[in-house]
Amino acid sequence: MTFDLKVTDSKTKARAGKLTTDHGVIETPIFMPVGTVATVKGVHQRELKDEINPDIILANTYHLYLRPQTDVLEKAGGLHKFMNWDRNILTDSGGYQVYSLSANRKIKEEGVRFKSHIDGSYHTFTPEGVMEIQRTIGADIIMAFDECTPYPCDYRYAKRSMHMTHRWLDRCINHLEKTPVKYGFDQAFFPIVQGSTYKDLRQQSAEYIANAGAVGNAIGGLSVGEPAEEMYAMTEVVTAILPEEKPRYLMGVGTPINILENIALGVDMFDCVMPTRNARNGMLFTAHGSINIKNLKWREDFSPIDEMGITFVDTEYSKAYLRHLFTVNELLGKQIATIHNLGFYMWLVREARKHILAGDFALWKDMMVKQMDNRL
């Protein structure tokens, strides 16, 4: 994998770059739609490619390990072939999912023993085992196995957890060196900065991760309930330390406003379930604010969903029709809203890139943040 940093904005730390893997070019900043179980919920791969058009999507190690299981993915020739997706894929390590099973998991130095949310069976994730699983899934970018701490988090726990994440990172790297790729293309490995919302821990972790010398780096353990200001403060601390010539991925973030603010702090890559999950609950994101399409006010609004017309659904259907679909609980409503939201997120990061390249990102970002903060 190569990363070519094209431009850094003069008034902020925003960057425009180009990541190249064996599955193609990723122009940054980029948002990665979440395809947890080898599908971006409610969206055909054809719509994903032709309408939403992301350079890269995300899939989930924990969920794919449980279903369809790695033997099926291996027989299929890896995840790309299994789901018929010929662009880039990133897999997270399952650390976050295991963290969210708080009542059903035990964390030890060796790894994490957890109970499946599907059938209650017990499984163990170790740094070595998770590297094996990600080799078999076959994503282009794979993540280190880490522990994601909750918020709020006791300082001593956060410190202990961070050091364990660092030891697990060393085990991941050692194991990857001994484990060849399976499908004839390279996999880039990203370690993850932890440290909760403690500045000194984030600095220590960022230094440790920077010294690991990986081709890209990630920031984890944010967007877990902390106020946005704390997220931005921690991101700023970390991006000041992570090497400039390597891509930076902020995991699990966020709202459209969060994304723009973190781009301004020097982050290149994002993923979040928000555009898809909120779409299924009737919330639409637009350049002028968010819409709860279930509200009565849209009942007789026959104007297009979004005049901007980023994807085909925006101008082919009216707000009144989309509200009706949600009222009668039709699947099509969720699909339309999902395509709209993902289209908007992709437009947002690509527009950000244009303004970084043009040199007026700061001005545009401040205007957009103000606009998008409305409830329509």
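The values are calculated or read from the model by the stated rules, or taken from the named source; none is laboratory data. Being a predicted model, the structure only gives us computed values, none of them experimental. Backbone-built Cβ (ideal geometry, glycine too); neighbour counts: all protein chains shown. The area values use the complete protein model at the heavy-atom level, side chains included, leaving out ligands, DNA and RNA. Shrake-Rupley method; radii C 1.70, N 1.55, O 1.52, S 1.80 Å.
Values as computed for the structure displayed
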quantity: Some residue of region 162-179 being within 30 Å of Glu74 (Cβ to Cβ), among the aromatic types (Phe, Trp, Tyr) and in a helix (DSSP H, G or I); calculated: yes
quantity: Enumeration of residues in region 125-144 that are part of a helix (DSSP H, G or I) and in contact (Cβ under 8 Å) with a residue 24 or more places away in the chain; calculated: Pro127, Glu128, Val130, Met131, Glu132, Ile133, Gln134, Arg135, Thr136, Ile137
quantity: Residue list for region 145-161, filter: in contact with a Leu (Cβ under 9 Å, 6 or more places away or on another chain), in contact (Cβ under 8 Å) with a residue 60 or more places away in the chain and farther than 29 Å from Val72 by Cα; calculated: Tyr151
quantity: Single residue of region 145-161 satisfying the filter (part of a helix (DSSP H, G or I) and open to solvent by less than 10 Å² (accessible area, probe 1.4 Å)) that is farthest from Thr61 (Cα to Cα); calculated: Ala158
quantity: Helices (runs of 4 or more DSSP H) contained entirely in region 223-329, each with at least 1 residues that are open to solvent by less than 30 Å² (accessible area, probe 1.4 Å) and free of Cβ contacts under 8 Å to residues at least 12 places away in the same chain; calculated: 319-327
quantity: Any hit, region 103-120, residues being open to solvent by 60 Å² or more (accessible area, probe 1.4 Å), of a type in the set (A, V, I, L, M, F, W, C) and touching a residue at least 24 places away in the same chain (Cβ under 8 Å); calculated: yes
quantity: Test: residue in region 103-119 that is more than 30 Å from Trp85 (Cα to Cα) and assigned to a helix (DSSP H, G or I); calculated: yes
quantity: Of all residues making up region 220-267, the number that are among the hydroxyl-bearing types (Ser, Thr, Tyr), in contact with a Gly (Cβ under 6 Å, 6 or more places away or on another chain) and at pLDDT 95 or above; calculated: 1
quantity: Boolean, Thr91 is surrounded by 15 or more Cβ atoms within 10 Å (Cβ to Cβ) and either part of a strand (DSSP E or B) or in contact with a Cys (Cβ under 9 Å, 6 or more places away or on another chain) (or both); calculated: yes
quantity: Which listed residue is surrounded by 15 or more Cβ atoms within 10 Å (Cβ to Cβ) and closer than 22 Å to Leu250 by Cβ, from Phe31, Phe125; calculated: Phe31
quantity: In region 46-68, the residues that are open to solvent by 50 Å² or more (accessible area, probe 1.4 Å) and either more than 18 Å from the chain's Cα centre (by Cα) or in contact (Cβ under 8 Å) with a residue 40 or more places away in the chain (or both); calculated: Arg46, Asp50, Glu51, Asn53, Tyr65, Arg67
quantity: Residues located in region 343-376, provided they are small (Gly, Ala, Ser), farther than 15 Å from Asn258 by Cα and touching a residue at least 60 places away in the same chain (Cβ under 8 Å); calculated: Gly343, Gly359
quantity: Any hit, region 1-14, residues being under 30 Å from Arg67 (Cβ atoms), in contact (Cβ under 8 Å) with a residue 12 or more places away in the chain and open to solvent by 70 Å² or more (accessible area, probe 1.4 Å); calculated: no
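Here is a yes/no grid of residues against (1) of a type in the set (Ser, Thr, Tyr); (2) under 24 Å from the mean Cα position of the chain (by Cα); (3) closer than 30 Å to Asp186 by Cβ:
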position	(1), (2), (3)
Tyr99	yes, yes, yes
Glu110	no, no, yes
Gly120	no, no, no
Thr126	yes, yes, yes
Ile133	no, yes, yes
Ile137	no, yes, yes
